[in-house]
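Heads up, the thing below is written out as structure tokens.
The values are calculated or read from the model by the stated rules, or taken from the named source; none is laboratory data. Owing to the predicted nature of the structure, the values given are computational and were not obtained by experimental measurement. Because the Cβ atoms are built from the backbone with ideal geometry, glycine has one as well, and the counts that use them run over all protein chains shown. Please note that ligands, DNA and RNA were not included when accessible areas were found on the heavy atoms of the full protein model with its side chains. Shrake-Rupley method; radii C 1.70, N 1.55, O 1.52, S 1.80 Å.
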Amino acid sequence: MKKSIGRDKIKTAIFISGSGSNLKNLIKFSYKRNSPVSIKLVISNKRNAKGLKYANQKKIEKKIINFVRPKESEKKILSLLTKRKIKFICLAGFMKILSSNFIKKFNGKIANIHPSLLPKYKGLHTHKKVLENNEKFSGCTVHYVTAKLDSGKIILQKKVKISKTDTENTLKRKIIKQEHKLYTNAIKKIFN
Ligand code: GRF
């Protein structure tokens, strides 16, 4: 992928649906000198996504696109991405599945973070499934997005030890801390 040179940071969009802790972390990172990306746009499919508040505070352009008619929604997003010259997309807790047509247009330029050690535990309710299976370790993965859910090439992965007392909530908290470090490291790995 194109290297980021000097101040010429890669114009990036973040897609969210919820609390947006990864979004917040990515935005904070983007202000650092060593960040190859600059966050220019936030897309949310939910009007009340908590993460939008932070984008607001930082005066980053945001758009709510509800995905009631997915084809139309994707068309709107693609047009916006082109207008804003967005070259990279970070999915961060975005709960909609993008079509293969959309992904083709941004082939190799969409990353996602998933709260498991992929290829294990694709899809939803990862922490619950991991605990039910008495796994000793879980973790998180940043990967490229392809048309097959949670299956694109892995960029970086971090293992997290599960303790006997872990619940879905404690595991989620442990893993999300690691997600924040992993996503920024993965971005550095992609562009530097
Ligand atoms: C994270 O656990 C991420 O791995 C998954 O959705 C969650 C989003 O959390 N894809 P947040 O909205 O970034 O706090």
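Note down all Cβ pairs under 6 Å where the first residue falls in region 50-76 and is free of Cβ contacts under 8 Å to residues at least 24 places away in the same chain, the second is open to solvent by less than 30 Å² (accessible area, probe 1.4 Å) and in a helix (DSSP H, G or I), and they're at least six residues apart or on different chains.
From region 50-76, the pairs are Lys62/Leu52; Lys62/Ala55; Ile65/Ser73; Ile65/Ile77.
Can you work out which of the residues in region 17-35 that are open to solvent by less than 40 Å² (accessible area, probe 1.4 Å) and part of a loop (DSSP other than H, G, I, E, B) is farthest from the ligand (Cβ to nearest atom)?
Filtering region 17-35 for residues that are open to solvent by less than 40 Å² (accessible area, probe 1.4 Å) and part of a loop (DSSP other than H, G, I, E, B), the one farthest from the ligand (Cβ to nearest atom) comes out as Ser35.
Out of the residues in region 103-149 that are more than 14 Å from the ligand (Cβ to nearest atom) and under 16 Å from Lys189 (Cβ atoms), state the one that is most open to solvent (accessible area, probe 1.4 Å).
Filtering first and then ranking leaves Lys109.
Quick check on region 87-95. Is at least one of its residues in contact with a helix residue (DSSP H, G or I) (Cβ under 6 Å, 6 or more places away or on another chain), free of Cβ contacts under 8 Å to residues at least 40 places away in the same chain and within 22 Å of Asn25 (Cα to Cα)?
no
So is Lys83 more than 18 Å from Asn45 (Cα to Cα), touching a residue at least 24 places away in the same chain (Cβ under 8 Å) and not small (Gly, Ala, Ser) or not? Step through it out loud before you land on a result.
Numbers: more than 18 Å from Asn45 (Cα to Cα): yes; touching a residue at least 24 places away in the same chain (Cβ under 8 Å): no; not small (Gly, Ala, Ser): yes.
Against the criterion (more than 18 Å from Asn45 (Cα to Cα), touching a residue at least 24 places away in the same chain (Cβ under 8 Å) and not small (Gly, Ala, Ser)), Lys83 does not qualify.
Does Thr82 meet the test of being surrounded by fewer than 14 Cβ atoms within 10 Å (Cβ to Cβ), among the hydroxyl-bearing types (Ser, Thr, Tyr) and farther than 19 Å from Phe29 by Cα?
Values: surrounded by fewer than 14 Cβ atoms within 10 Å (Cβ to Cβ): yes; among the hydroxyl-bearing types (Ser, Thr, Tyr): yes; farther than 19 Å from Phe29 by Cα: yes.
Criteria met by Thr82.
For region 36-49, give me the residue count where each residue is polar (S, T, N, Q) and either touching a Leu at 6+ places or on another chain (Cβ under 9 Å) or without any contact (Cβ under 8 Å) to a residue 24 or more places away in the chain (or both). Steps first, answer last, please.
First, the residues of region 36-49 that are polar (S, T, N, Q): 38, 44-45, 48.
Now restrict to residues that are either touching a Leu at 6+ places or on another chain (Cβ under 9 Å) or without any contact (Cβ under 8 Å) to a residue 24 or more places away in the chain (or both): 44, 48.
Of the residues in region 36-49, 2 are polar (S, T, N, Q) and either touching a Leu at 6+ places or on another chain (Cβ under 9 Å) or without any contact (Cβ under 8 Å) to a residue 24 or more places away in the chain (or both).
Tell me the residue from Ile154, Ile187 that is within 15 Å of the ligand (Cβ to nearest atom), at pLDDT 95 or above, under 15 Å from Ala111 (Cβ atoms) and surrounded by fewer than 17 Cβ atoms within 10 Å (Cβ to Cβ), please. Spell out how you get there, then give the answer.
Details: Ile187 fails: surrounded by fewer than 17 Cβ atoms within 10 Å (Cβ to Cβ).
Going through Ile154, Ile187 in turn, just one is within 15 Å of the ligand (Cβ to nearest atom), at pLDDT 95 or above, under 15 Å from Ala111 (Cβ atoms) and surrounded by fewer than 17 Cβ atoms within 10 Å (Cβ to Cβ): Ile154.
Residue by residue, here is whether (1) out of contact with any helix residue (DSSP H, G or I) (no Cβ under 8 Å at 6 or more places or on another chain); (2) closer than 27 Å to Lys177 by Cβ holds:
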{"residue": "Ala13", "(1), (2)": "no, yes"}
{"residue": "Ser19", "(1), (2)": "no, yes"}
{"residue": "Asn25", "(1), (2)": "no, yes"}
{"residue": "Lys28", "(1), (2)": "yes, yes"}
{"residue": "Tyr31", "(1), (2)": "yes, yes"}
{"residue": "Lys85", "(1), (2)": "yes, no"}
{"residue": "Ser99", "(1), (2)": "no, no"}
{"residue": "Phe102", "(1), (2)": "no, no"}
